[in-house]
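What follows draws every value from the coordinates through simple rules; no lab data is involved. Since we're looking at a predicted model, the values are computed, not measured. Cβ: placed from backbone, ideal geometry, glycine included. Neighbour counts: every protein chain shown.
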């Protein structure tokens, strides 16, 4: 998916839990997520905290999209 | 630890007034089994049906398949920590109704349940078409949550398997096999000249319908640990998962793990089979890293020269498989991995989600995406109403004449990653 | 009755001439010409070349579309059972021509096509997935060896013999993964393989690890506050009841869903169709997979310019890489047309 879209030149931030797969298949801007069934959330947190967590990950993705890169980069 | 497995061969199954074995015929008292299942107040109804090899019968949606076994002597009882006390099993004697199985089915829990055809082309793809199957078609009470329903169905299967297995207790087995693994130091000394071999047993632990239990513990909560191979034959590991039907390990697969079987077969000749490490396939990256670190460390600690690593499921567990392989190879231990493939219906796509050059010895159980047409069957045990929805099905899978066009992904056990079957894949 | 076969060769093998005659346009001759004589011999009467199409390499490669059309018209009346092109050995333009025309015949006339090339001929990489390309030596001295292989494979394909094997039939593996029943179970094969590996004996892996291609990273966004961002997911988030019936596994499609007036994705209106993970958390709160709530706030705060009015969703579970590539190219094209600057893609 990532490569298909990025091949047209549009930058993609890939938010995913299993960073090694993303690396293997060749995503360029990789943003680690929480867990497979809830990449951008954590049901153990209260709503407000969960929102903050999600916002942090999305901000991280935006940081990735505004950063010039030459090679695969994981935005921790 | 030494275990004798006494096989009582079952060649047919029938309803009878008493549950018993007579001259290789298993008789089932329908009422008693019904009553046993209905003790669970989450289950509204159950119908007991029989399916024999060659019957024009389709069983679906299949959740689990279980072999009836009973402990005759030695510690503990079958399915320890789940339906019996949490004793350590794997020694003494266990009797098996070889050729019989309990199959749980009924209304769908998720997407992952499968199909067993007792005849026709589909029968070639599932090992369960060769068994005398006692099927429990379970109907949950209204509004029962998915987790609860899955639990109720799982327990019903195990309880019935235990109940049926009891009849084997005082029977004279047709054959007795002996399996022994000694404590590590002694085992190593037994064949000092042979390479030491271990088995890395990956268990599916991705959450609802993707769980496995070890002595009653949800395996996603374990860190990898070592087991005697014989513990697994007594039901120390049970399936709570329905992954995709094709590559889930049913409880039957665990009880009859073929990798353990063939490692024992060549034990003392080609190598020294010294132990099993169980590990999980969790949804957090940190868990994957920790667990694969542990399997590599334990493999090194026990001095393995080579290991077989088997996977369960597909997708992100491909990463667990590759991590295990890479880290164990990095410890200078030779690996063979057993997996299956998702190469697309045309076979032209990438088969695994992850890859590494260290994974240079791969055994595959087949491409799960290959499409098959299953002819209509005279009898459906359960319901075929969910065929379009199960993993491997698609809109239009179930045709009006009752035939089914599906990926073999939907067939229970078709691309098993314990190497249970002969199915495999080549590049053409 | 013998099968009817059409043979394609270039100007050189038709004895018209070398490079100086490479401009010649397609012509058709009755019966076999040049290498076709050897093919006919190898058919041993089971099949026969009914006509030979000849085209100059330059003409074909400079006018690919037109040449293909002309040739298809020329051969149509012969109602053949199979098509053979070449062998092209290591000749690049001849190889490309053989591959192109053989593929076109296969697709439009629905008859099997066979060609032959040296492994390094650029035509191999272009066509090996779609065509049976018999592996030849790098020059025409290998003709005598190549023709019987090409003839035998053609006969096999015409008689619908299902069991083809590159190691037996001499063609370059097409990379199609095909199931079959082995003699031993997987567990026995695994133990065998381990013993061989331990003893440093040779063994054959059943799945050689693939090499993944890489693509250039897209240019970073300069001004986030003006950027139009699109959301894409392989986590299977769809409107309630999955209107497009996206499969829980091996998805054959993706969904396009309007979110112009949607502030966040709630469990009342959205759910996941994905069959590969515990769906409870995503069904309770689909924003956990597609973070529309956060993105809307960032839009309101002016951090980002705007959110693309549609989100795209498919199920990544067991879905063929080829399908997801097709989906993503289609999606990318729409995004490009709509002036989307960047994509946040979430996976489960």
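Which FRET efficiency, nearest 0.05, do residue A:56 and residue C:225 yield, Cβ-Cβ r, R0 25 Å?
0.80
7 Å from Cα along Cα→Cβ at both residue C:48 and residue B:44: what's the point-to-point distance in nm?
Simple spin-label model gives 7.3 nm for this pair.
Debye calculation, C-alpha points only, no solvent: report log10 I(q)/I(0) for the protein assembly as shown at q = 0.05, 0.06, 0.09 Å⁻¹, in the same order as the q values.
Calculated log10 I(q)/I(0) at the listed q: -0.32, -0.45, -0.97.
Give me the Kirkwood hydrodynamic radius of the range C:3-169 in Å, from all C-alpha pairs, to one decimal place?
15.3 Å
With N residues in the range B:246-342, what two-decimal value do you get for its Cα radius of gyration over 2.2 N^0.38 Å?
Expressed relative to 2.2 N^0.38 Å, the Cα Rg reads 1.08.
Does a label point 7 Å from the Cα of residue C:329, set along Cα-to-beta-carbon, have any residues of the range A:8-31 with amide nitrogen under 20 Å, and which are they?
A:8-12, A:25-28
Going by C-beta contacts inside 10 Å, put B:30, C:177, C:214 in order with the fewest on the left.
Taking fewest neighbouring Cβ atoms as first place, the list is C:214, B:30, C:177.
So, in nm, how far is label residue C:211 from label residue B:183 when the simple model puts each one 7 Å beyond its Cα toward the Cβ?
Each label point lies 7 Å from its Cα, and together they span 5.2 nm.
Per DSSP H run of at least 4 residues, take -39500 (n - 2.57); add these up for chain B, divide by its residues and hand me the 222 nm value, nearest 500 deg cm²/dmol.
About -6000 deg cm²/dmol.
Where does chain C land at 222 nm, in deg cm²/dmol rounded to the nearest 500, when only DSSP H runs of n ≥ 4 count, each adding -39500 (n - 2.57), divided by all residues?
Estimated from H runs of four or more residues: -10000 deg cm²/dmol.
Cα axis of helix C:321-337 to longest principal axis of chain C: angle in degrees, 0 to 90, nearest 10?
Orientation of helix C:321-337: about 60 degrees from the principal axis.
How big, in percent, is the set of alpha carbon pairs in the range B:294-428 lying more than 28 Å apart?
Tail fraction, whole percent: 30.
For residue B:373 and residue B:56, calculate 0.36 nm times their separation in residues minus their Cα-Cα distance, and state this gained length in nm to one decimal.
In short, 112.6 nm is gained.
Return the average number of partner chain Cβ atoms within 10 angstrom of each residue Cβ along peptide C:289-295.
That works out to 6 on average.
Express in nm, to one decimal, how much length is gained between residue C:110 and residue C:126 on full extension, taking 0.36 nm for each residue of separation and deducting their alpha carbon distance.
Stretched out fully, the residue C:110 to residue C:126 stretch lengthens by 3.8 nm.
For peptide B:333-339, how many partner chain Cβ atoms fall within 10 Å of a residue's Cβ, on average?
So the per-residue partner count for this stretch is 5.
What angle do you read, to the nearest 10 degrees and between 0 and 90, between the alpha-carbon axis of helix A:47-65 and the longest principal axis of chain A?
10 degrees
What's the FRET efficiency of residue C:167 with residue C:119 using the Cβ-Cβ distance as r and R₀ = 22 Å, to the nearest 0.05?
Using R0 = 22 Å, I get an efficiency of 0.95.
Could you tell me the center-to-center distance, by alpha carbons, between the range B:1-74 and the range B:178-239 in angstrom?
26 Å
In whole percent, what relative contact order does chain C give with Cα contacts below 8 Å and a gap of six or more residues?
In percent, rounded to a whole number, it is 13.
Suppose R0 equals 41 Å. What FRET efficiency, 1/(1 + (r/R0)^6) with r the Cβ-Cβ distance, do residue B:175 and residue C:160 give to the nearest 0.05?
Efficiency, from the Cβ-Cβ distance: 0.35.
If you build the Cα gyration tensor of chain B and take the root of 5 times each eigenvalue, what three semi-axes come out, in whole angstrom, biggest first?
For chain B, the semi-axes come out at 32, 27, 19 Å.
Defining a contact as two alpha carbons under 8 Å apart and six or more residues distant in sequence, what relative contact order in percent does chain A show?
Computed value for chain A: 32 percent relative contact order.
Helix C:186-198 sits at what angle to the longest principal axis of chain C, using alpha carbons and giving 0 to 90 degrees rounded to 10?
80 degrees
Tell me the label-point distance for the pair residue C:202, residue C:180, using the 7 Å Cα-to-Cβ offset, in nm and rounded to one decimal.
Reported label-point gap for residue C:202 and residue C:180 is 2.0 nm.
For a quick check: sort C:176, B:322, B:387 by the number of other beta carbons within 10 angstrom, fewest at the front.
The fewest-first ordering by Cβ neighbours comes to C:176, B:387, B:322.
Report the Stokes-Einstein translational diffusion coefficient (µm² s⁻¹, integer) for the range A:2-74, Rh taken as the Kirkwood radius over Cα pairs, at 25 °C with viscosity 0.890 mPa s.
191 µm²/s
What is the gain in length, in nm to one decimal, between residue B:221 and residue B:87 on full extension, counting 0.36 nm per residue of separation less the C-alpha to C-alpha distance?
46.3 nm
To make sure I understand, if each residue's beta carbon is the centre and we count other beta carbons within 10 Å, what order do A:16, B:246 fall in, fewest to most?
A:16, B:246
Rg and Dmax of the range C:245-333 over Cα atoms: what are they, in angstrom?
14.0, 39
Based on alpha-carbon centroids, what's the gap between the range C:1-61 and the range A:34-55 in Å, whole number please?
Taking the Cα centre of each part, the range C:1-61 and the range A:34-55 sit 67 Å apart.
With N residues in the range B:363-428, what two-decimal value do you get for its Cα radius of gyration over 2.2 N^0.38 Å?
In units of the globular-protein estimate, the range B:363-428 measures up at 1.21.
One-quarter of the Cα convex hull surface for chain C, in nm²?
25.2 nm²
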